[in-house]
Structures are given as structure tokens and as C-alpha cells.
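Reading through the C-alpha cells given below for one structure.
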Amino acid sequence: MTTTVPARVRRDRGTTLIEVLTALAIASIVTTSLHLLVGSAIKARLIVNARVADQEQGRLALAFLADRLRQVNYDPRAACPQGVLRIGSGNGFSQRLAFRAVLDETQNPPRSTYVYYLEGQTLWQETLEQESPDQCAREQDRLSLQRERVAITPPIVSAFRVSYLSTDSAATTDPERVRLIRIVLTVRATGASGRQEAQTYATTVGIRGP
């Protein structure tokens with residue numbers, strides 16, 4: 001005698017191996033897709049944050065330096081004249097920008113020498129007390145940098161260019177004739193593609209004089 005198993009009973013026997021493998025394959029595809037999607041979103045977010053941070057560092061460094069330059073005021077009556085002491089492009093210590101300014105009237109002495117230059121893709125600042133004419137004169141030829149220098153930026157600066165202009169906006173190499181200083185700062189920031197992209201910031205600062 002042949003016994004026929006109802007269709008409902010056959011369906012209740014459980015899931016076949018093929019069905020299990022198919023379900024696992026679909027779950028794996030969905031999980032992988034979600035992982036790639038979330039990973040891409042996180043990476044893009046990190047790149048954007050890094051780029052914004054690098055750009056902000058560049059803008060802050062430029063504003064910081066411009067603020068100090070605005071305090072320069074040529075004073076020919078001072079024992080160590082206040083003003084630009086060395087003209088340089090800013091690329092390396094030998095091409096530094098050095099000037100004297102009064103940033104805090106409560107300091108004693110109130111004037112200090114501020115030195116800026118680019119080395120190792122970092123913008124550096126040195127602060128010195130130079131109160132005698134001999135010290136100021138030697139600043140133009142000084143070859144040794146200060147150990148107490150301060151990093152103004154992380155190593156993200158690819159170019160630091162300084163140009164000097166007189167009152168008639170003509171280029172000058174005479175520190176005493178400088179009345180305008182143009183600063184150009186180029187920062188390497190991570191772009192949306194993950195590659196390094198250049199962001200350039202520039203400003204021109206006027207210097208007071210007799």
C-alpha cells in the first residue's frame with residue numbers, strides 16, 4: 001500500500017541546507033554593504049574634520065602673526081629702535097622675519113624682539129629681549145636659533161612667504177623703509193578625496209612709523 005504524505009506535513013519537516021546557505025549568503029551581503037556604507041561615512045567625516053582643523057590652524061596662525069605686526073611702531077629715539085630688524089622670506093631660520101614691538105605695556109622691558117620662520121613645515125616663533133643697539137644690530141646676522149622657540153602651527157605649512165613694501169607700495173630691502181608687510185601662508189589640508197590639497201591664506205599689514 002502506498003501512503004501519500006500531505007503537503008502540509010512535508011512543509012513542517014524544517015529548512016533545507018540550500019535554504020540555510022541562501023539565507024546566510026543574503027545576510028552576508030547585507031552586512032558587508034552596511035559595513036562599507038558606515039565605514040565610508042566615518043572616513044568622510046574624519047577627513048572633513050581634519051581638513052577643517054588644518055584650515056583653522058592656518059587662519060589662526062596668519063591672524064596671530066598679523067596681530068603682532070600691527071604693534072610695530074618705528075621709534076628712532078629708542079636705544080634699540082622698534083621696528084623691522086631683519087628682512088627675510090621666512091623660509092628657514094636664515095630667511096627669518098624679525099621685528100620689535102610692544103605687545104604688553106606691563107612687561108619690563110615692554111619691547112621684545114619677535115622672530116618668525118618656516119622649518120620642517122612648522123611655523124616657529126622666537127621671543128627675545130634685546131635692549132642694546134649692539135644686540136639689535138646683531139639680529140640681522142644671528143646664525144643660532146633659540147632653544148626656547150615655540151611652534152605656532154603643527155607640521156602642515158608648505159609655504160611661508162613674506163614681502164616688504166615702502167609707503168609708496170614699492171618693494172624694498174631696507175628695513176627702515178618698510179611700512180607694509182604682505183604675508184602668504186600655504187597649508188596642506190586633507191581633501192574630500194583623501195589627498196593633500198593646498199589652501200593659501202594672505203594678508204597685508206601696515207606698520208606705523210615717523
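The values are calculated or read from the model by the stated rules, or taken from the named source; none is laboratory data. All values derive from a computational prediction rather than experimental measurement. All Cβ positions, glycine included, derive from the backbone under ideal geometry; neighbour counts span all protein chains shown.
Collect the residues in the range 107-138 that are hydrophobic (A, V, I, L, M, F, W, C) and under 18 Å from Pro81 (Cβ atoms), keeping them in residue-number order. Don't jump to the end; show me each part of the working.
Going residue by residue through the range 107-138, those that are hydrophobic (A, V, I, L, M, F, W, C) are 115, 118, 123-124, 128, 136-137.
Selection gives Val115, Leu128, Cys136, Ala137.
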Original post:
What residue, among those in the range 86-107 that are of a type in the set (A, V, I, L, M) and modelled with pLDDT of 90 or more, is surrounded by the fewest Cβ atoms within 10 Å (Cβ to Cβ)?
Top reply: Ile87
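Only one of these is touching a residue at least 24 places away in the same chain (Cβ under 8 Å), of a type outside the set (D, E, K, R) and in contact with a helix residue (DSSP H, G or I) (Cβ under 7 Å, 6 or more places away or on another chain): Gln130, Gln140, Gln125. Name it. Full working, then the answer.
Values: Gln140 fails: in contact with a helix residue (DSSP H, G or I) (Cβ under 7 Å, 6 or more places away or on another chain); Gln125 fails: in contact with a helix residue (DSSP H, G or I) (Cβ under 7 Å, 6 or more places away or on another chain).
Exactly one of Gln130, Gln140, Gln125 is touching a residue at least 24 places away in the same chain (Cβ under 8 Å), of a type outside the set (D, E, K, R) and in contact with a helix residue (DSSP H, G or I) (Cβ under 7 Å, 6 or more places away or on another chain), namely Gln130.
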Original post:
Across the range 108-144, what is the number of residues that are crowded, with 18+ Cβ neighbours inside 10 Å and over 22 Å from Ala66 (Cα atoms)?
Top reply: 1
Original post:
Of all residues in the range 75-103 being over 26 Å from the mean Cα position of the chain (by Cα) and not basic (Lys, Arg), which is nearest to Ala171 (Cα to Cα)?
Top reply: Gly83
Original post:
If you scan the range 129-147, which residues turn out to be among the hydrophobic types (A, V, I, L, M, F, W, C) and assigned to a helix (DSSP H, G or I)?
Top reply: Cys136, Ala137
